[in-house]
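> Quick one: this structure, given as structure tokens, is what I'll be asking you about.
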Amino acid sequence: MEDVVLWTGAGQIGMAIARRIGFDKKIVVGDKKIENARAISKIMEEAGFDIISVETDISSRESILNLIEECQKYGEITTFINAAGVSPSQASIEEILKVDLYGTAVLLEEVGKVIAAGGAGVTISSQSGHRMPQLGKEIDEQLAAAPTEELLDLEVLQPENIKDTLHAYQMAKRCNEKRVMFEAVRWGEKDARINSISPGIIVTPVAELLLLPKGAFITGSDFLLDGGATASYFYGPLQPEEE
Ligand SMILES: NC(=O)c1ccc[n+]([C@@H]2O[C@H](COP(=O)([O-])OP(=O)(O)OC[C@H]3O[C@@H](n4cnc5c(N)ncnc54)[C@H](O)[C@@H]3O)[C@@H](O)[C@H]2O)c1
């Protein structure tokens, strides 16, 4: 049996990470647009990687379980990369919450149940989540720990409380960060690690560190890697004018 990489979201960020850590493993890439997964698989196969693609919708638990089952045909899942997502310019509020927030939470939960001892995962959050003010202890706790099937019913995520698609995206990414902390405890019980990165630009060397044994002391953390843009947004020239 082989070490398996479960990878969702066949975009450029996911591929850049998979290329750095997937060379000695079976890679299973899931994407809602199977043509994206196939196109990326072809590029990676031609570069010598062992990869298959599976149609997967991360906003469906059933589809996630099917992807996990496909992975387990080849061996144990030792590495997890979640780079699936929709952006504020691509999708509705509802879809952003269903994919980026709920879908990521279900993935972390379900992959956490089967991740191999010593395994590691990374999910791609965004600098956007860092641009929102703090939400307070109670909401943080709900985003971190509410049962996945109750997440979308939280009051803070109801239509009257979400301004626009950017706000939905920021809430999703904030939830990713909190969920990673919550799940890190559960993954830790299995001797596995889970972290997130919040990129402004592509930052593959850090994702590589998080997935390899040399990052063994790092779990439950989010890494903001945006060239200082968020610092400037709060305290520098990028600060928006007061309304
Ligand atoms: N590109 C950036 O500058 C940037 C910056 C910060 C964060 N991010 C985050 O990184 C992640 C990947 O971004 P990207 O730029 O590589 O995006 P991308 O659009 O190139 O790739 C994302 C992939 O996810 C797939 N996808 C969408 N909905 C899905 C679903 N329900 N189930 C399965 N697959 C689905 C898409 O089909 C696509 O192939 C996203 O979470 C995004 O929010 C991107």
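> Can you pull out the residues in the stretch 53-75 that are outside any helix (DSSP H, G or I) and either in contact with a Ser or Thr (Cβ under 7 Å, 6 or more places away or on another chain) or within 12 Å of the ligand (Cβ to nearest atom) (or both)?
Within the stretch 53-75, the subset outside any helix (DSSP H, G or I) is 53-60, 73-75.
Selection gives 53, 54, 55, 56, 57, 58, 59, 60.
> Going through the stretch 111-162 one residue at a time, which ones are within 24 Å of residue 81 (Cβ to Cβ), part of a loop (DSSP other than H, G, I, E, B) and out of contact with any Ser or Thr (no Cβ under 8 Å at 6 or more places or on another chain)?
Hit for the stretch 111-162 is 117, nothing else.
> Also, I was wondering about something else. Would you check if there is a residue in the stretch 181-196 being outside any loop (DSSP other than H, G, I, E, B) and among the aromatic types (Phe, Trp, Tyr)?
Yes: the stretch 181-196 contains one or more residues that are outside any loop (DSSP other than H, G, I, E, B) and among the aromatic types (Phe, Trp, Tyr).
> Next question. Any residue in the stretch 95-122 that's more than 17 Å from residue 65 (Cβ to Cβ) and near the ligand (Cβ under 10 Å from one of its atoms): show its pairings with residues that are in a helix (DSSP H, G or I) and among the β-branched types (Val, Ile, Thr) at Cβ separation under 7 Å, as long as the two are six or more apart or on different chains.
If the second residue must be in a helix (DSSP H, G or I) and among the β-branched types (Val, Ile, Thr), the pairs left are 96/165.
> Right, another one. Of the conditions (1) closer than 20 Å to residue 135 by Cβ; (2) of a type in the set (Gly, Ala, Ser); (3) in contact with a strand residue (DSSP E or B) (Cβ under 7 Å, 6 or more places away or on another chain), residue 192 fails just one. Which one is it?
Going through the list (1) closer than 20 Å to residue 135 by Cβ; (2) of a type in the set (Gly, Ala, Ser); (3) in contact with a strand residue (DSSP E or B) (Cβ under 7 Å, 6 or more places away or on another chain), residue 192 breaks only (1).
> Any idea how many residues of the stretch 166-183 are under 15 Å from residue 146 (Cα atoms) and not polar (S, T, N, Q)?
Of the residues in the stretch 166-183, 11 are under 15 Å from residue 146 (Cα atoms) and not polar (S, T, N, Q).
> Also: List the pairs whose first member sits in the stretch 224-243 and is surrounded by 11 or more Cβ atoms within 10 Å (Cβ to Cβ), whose second member is in a helix (DSSP H, G or I) and among the charged types (D, E, K, R), and whose Cβ atoms are under 7 Å apart, counting only residues at least 6 apart or on separate chains?
230/131; 233/131
> Another question about this same structure. Which of (1) over 23 Å from residue 99 (Cβ atoms); (2) in a helix (DSSP H, G or I); (3) among the polar types (S, T, N, Q) is the odd one out, the single condition residue 239 does not satisfy?
Of (1) over 23 Å from residue 99 (Cβ atoms); (2) in a helix (DSSP H, G or I); (3) among the polar types (S, T, N, Q), only one is false for residue 239: (2).
> Which condition breaks for residue 90 when tested against (1) surrounded by 17 or more Cβ atoms within 10 Å (Cβ to Cβ); (2) within 12 Å of the ligand (Cβ to nearest atom)?
Unmet for residue 90, out of (1) surrounded by 17 or more Cβ atoms within 10 Å (Cβ to Cβ); (2) within 12 Å of the ligand (Cβ to nearest atom): (1).
> Quickly run through the stretch 16-25 and pick out the residues that are outside any loop (DSSP other than H, G, I, E, B) and either crowded, with 24+ Cβ neighbours inside 10 Å or more than 10 Å from the ligand (Cβ to nearest atom) (or both).
17, 18, 19, 20, 21
> Out of curiosity, is residue 5 more than 10 Å from the ligand (Cβ to nearest atom), within 17 Å of the chain's Cα centre (by Cα) and in a strand (DSSP E or B)?
yes
> Same structure, new question: Does residue 41 satisfy the condition of being in a helix (DSSP H, G or I), of a type in the set (S, T, N, Q) and over 30 Å from residue 149 (Cα atoms)?
So residue 41 fits the description; yes.
Each value in this text was obtained by applying a stated rule to the coordinates, not by laboratory testing. In this text, all values refer to a predicted model and were calculated from it rather than measured experimentally. Positions of Cβ are backbone-derived with ideal geometry, glycine not excepted, and every protein chain shown enters the neighbour counts.
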